Amino acid sequence: MTIFAELGLNATIQANITQLGYKKPTDIQEKSIGAVLSGADTYAIAPTGTGKTAAYLLPLLQELSQTDYSEAQVRPIRALILVPTRELALQLEQSIADYGKALKLRTITLFGGVRIESQANRFKRGADIIVSTPKRLVDLAKTKAFDLNKVQHFVMDEADRLVSMGIMPLLAKILAALPKKKQMILFSATNSKALTQFGQTHLKNQKFIEALDNQPALDKIKHTMYRCNRENKKQALFNLLNSLNCERALIFVRTKNEVNLLVERLNENGFSSEGIHNEILQKKRQERLLAFKNKTYKFLVATDIASRGIDIDDLYYVINYDLPVNSNDYIHRVGRTARTGTSVKATNKEAKKAAPTTIHKSAPWAKQAKTRDMLGHAFSLVSPEQERLVEKINQAIGKTIALQRLPNVK
Ligand code: AMP
């Protein structure tokens, strides 16, 4: 068994991760930490929930802390971490605070929806690290609030999403502002043609790393798909929620409107719910997410904004009210369950707890919830026009999920 010390991490970082309860590195951490520490360009495929954040952050923070700029009047920006969503940006800020305790590094996190002037003002004393979504970075760079010409490490987290967001022009601007000589670090849960092409163009002598089992968390997730006409969907969802009798579930829909509508219906029917989508103010989104984590209400209804990066301890059920058009999004959605580490134990607890209390004996999902070795359960309500997506999802996850008839629930 490899331990963190063998991977070349220093005592401060080891103490920080020990405090977080990490006992041994995950597969992707074992493979990436040395590569990133060596300064090599790194292209890693790391499934969601397998500890990919620490896989690049731990070595990166260690590298940055080798030089101390805490006394400098203006700290040069030495690392840029680009992420697709605000949620992931905020989560990363927290991970940097946790993993980088006592390292004297200053991080500034940027994303849209916040006054640009106040973000610009934060750069008066510079920063060691910027975590940002692409558009706000480019907008703020125009104000000359900071300079990116000292960046030594450029990380793209959820890189597959970054290259497919139609942000290539933004990415080109960012790359042009960075020095030629730098370490490129690409982490992605799923590989794609666009990403491979991007890697071939921008990475040099890259170290290609893939977790041993490409989607280990997926093996621990039970998948159930029901055929369901659109007009029956709400009732089917209510039946499912009643039957599961779960502490909470994350429910995915496709559009902002559907989030609003479904939250209304759920609450009217006694299922305490909140929604998040990208037109809800950032502050509200954060509050709602925190309240969901704290179990203040039971059901979070979300668009795919919540399918990536969000880390909710002890979440067992994900429900696809509609299937996502992109099969990779299915992987990301269900990956909100079965998270690495502490959460895994907790999901087991939820699995055990959910089983004996399931109500309707007639409902097959009640039986499925009894599965002990599963770390998450994803249900999908598939309307006829979405059936063609099932095959694509099956290919993406490497399993065949059979479409079942909705159980009759009295
Ligand atoms: P990530 O894939 O980076 O989103 O991490 C998923 C979860 O695993 C987070 O809750 C991390 O805190 C946790 N985690 C990461 N690395 C380890 C580890 N080596 N041991 C235990 N938990 C970990």
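The set of residues in region 223-240 being in contact with a strand residue (DSSP E or B) (Cβ under 7 Å, 6 or more places away or on another chain) and of a type outside the set (Ser, Thr, Tyr) consists of 223, 225, 227, 228, 233, 236, 237, 240.
When region 149-184 is filtered for residues that are polar (S, T, N, Q) and free of Cβ contacts under 8 Å to residues at least 40 places away in the same chain, the ones remaining, listed by number, are 149, 164. Of the helices (runs of 4 or more DSSP H) lying entirely inside region 104-222, the ones with 1 or more residues being closer than 18 Å to residue 80 by Cα and in the same structural domain as residue 81 (by TED's automatic domain parsing) are found at 116-121, 134-142, 159-163, 168-177, 193-202.
Number of residues in region 1-58 that are more than 13 Å from the ligand (Cβ to nearest atom), of a type outside the set (Val, Ile, Thr) and within 20 Å of the chain's Cα centre (by Cα) equals 1.
Residue count for region 299-321, restricted to those that are in contact (Cβ under 8 Å) with a residue 60 or more places away in the chain and part of a loop (DSSP other than H, G, I, E, B): 8.
Somewhere in region 103-119, is a residue surrounded by fewer than 21 Cβ atoms within 10 Å (Cβ to Cβ), touching a residue at least 60 places away in the same chain (Cβ under 8 Å), over 24 Å from residue 164 (Cα atoms) and away from the ligand (no atom under 16 Å from the Cβ)? So far as region 103-119 goes, yes, one or more of its residues are surrounded by fewer than 21 Cβ atoms within 10 Å (Cβ to Cβ), touching a residue at least 60 places away in the same chain (Cβ under 8 Å), over 24 Å from residue 164 (Cα atoms) and away from the ligand (no atom under 16 Å from the Cβ).
Once region 127-154 is narrowed to residues that are small (Gly, Ala, Ser) and at pLDDT 95 or above, the residue that is nearest to the chain's Cα centre (by Cα) is 132. State whether the residues of region 236-252 include one that is within 20 Å of residue 87 (Cα to Cα), in the same structural domain as residue 336 (by TED's automatic domain parsing) and in contact with a His (Cβ under 7 Å, 6 or more places away or on another chain). Among the residues of region 236-252, not one is within 20 Å of residue 87 (Cα to Cα), in the same structural domain as residue 336 (by TED's automatic domain parsing) and in contact with a His (Cβ under 7 Å, 6 or more places away or on another chain), which makes the answer no.
Scanning region 10-55 for residues that are modelled with pLDDT of 90 or more, within 25 Å of residue 204 (Cβ to Cβ) and assigned to a loop (DSSP other than H, G, I, E, B) yields 38, 39, 40, 41.
Rundown of residues vs (1) modelled with pLDDT of 90 or more; (2) under 22 Å from residue 248 (Cα atoms), yes/no style:
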| site | (1), (2) |
| --- | --- |
| 377 | yes, yes |
| 380 | yes, yes |
| 384 | yes, no |
| 394 | no, no |
| 397 | no, no |
| 403 | yes, no |
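One residue stands out in region 70-81 among those that are away from the ligand (no atom under 16 Å from the Cβ) and closer than 22 Å to residue 180 by Cα: the one that is surrounded by the most Cβ atoms within 10 Å (Cβ to Cβ), namely 79. Taking the conditions (1) farther than 28 Å from residue 336 by Cβ; (2) under 23 Å from the mean Cα position of the chain (by Cα); (3) of a type in the set (S, T, N, Q) in turn, residue 206 satisfies each one other than (2).
When 251, 310 are checked against the criterion of being within 20 Å of residue 88 (Cα to Cα), of a type outside the set (D, E, K, R), modelled with pLDDT of 95 or more and crowded, with 19+ Cβ neighbours inside 10 Å, a single residue qualifies: 251. Residue 195: surrounded by 15 or more Cβ atoms within 10 Å (Cβ to Cβ) and closer than 29 Å to residue 303 by Cβ, yes or no? Criteria met by residue 195.
How many residues are among the charged types (D, E, K, R) and either loosely packed, with under 14 Cβ neighbours inside 10 Å or without any contact (Cβ under 8 Å) to a residue 12 or more places away in the chain (or both) when one looks only at region 120-148? Residues in region 120-148 being among the charged types (D, E, K, R) and either loosely packed, with under 14 Cβ neighbours inside 10 Å or without any contact (Cβ under 8 Å) to a residue 12 or more places away in the chain (or both): 4 in total.
Please verify whether residue 67 is within 12 Å of the ligand (Cβ to nearest atom), assigned to a loop (DSSP other than H, G, I, E, B) and out of contact with any Phe, Trp or Tyr (no Cβ under 9 Å at 6 or more places or on another chain), treating the condition exactly as stated.
Spelling it out, it is not the case that residue 67 is within 12 Å of the ligand (Cβ to nearest atom), assigned to a loop (DSSP other than H, G, I, E, B) and out of contact with any Phe, Trp or Tyr (no Cβ under 9 Å at 6 or more places or on another chain).
The values are calculated or read from the model by the stated rules, or taken from the named source; none is laboratory data. Just so it is clear, the structure is predicted and the values come from calculations on it, not from any experiment. No Cβ is skipped: glycine too gets one built from the backbone with ideal geometry, and neighbour counts run over all protein chains shown.
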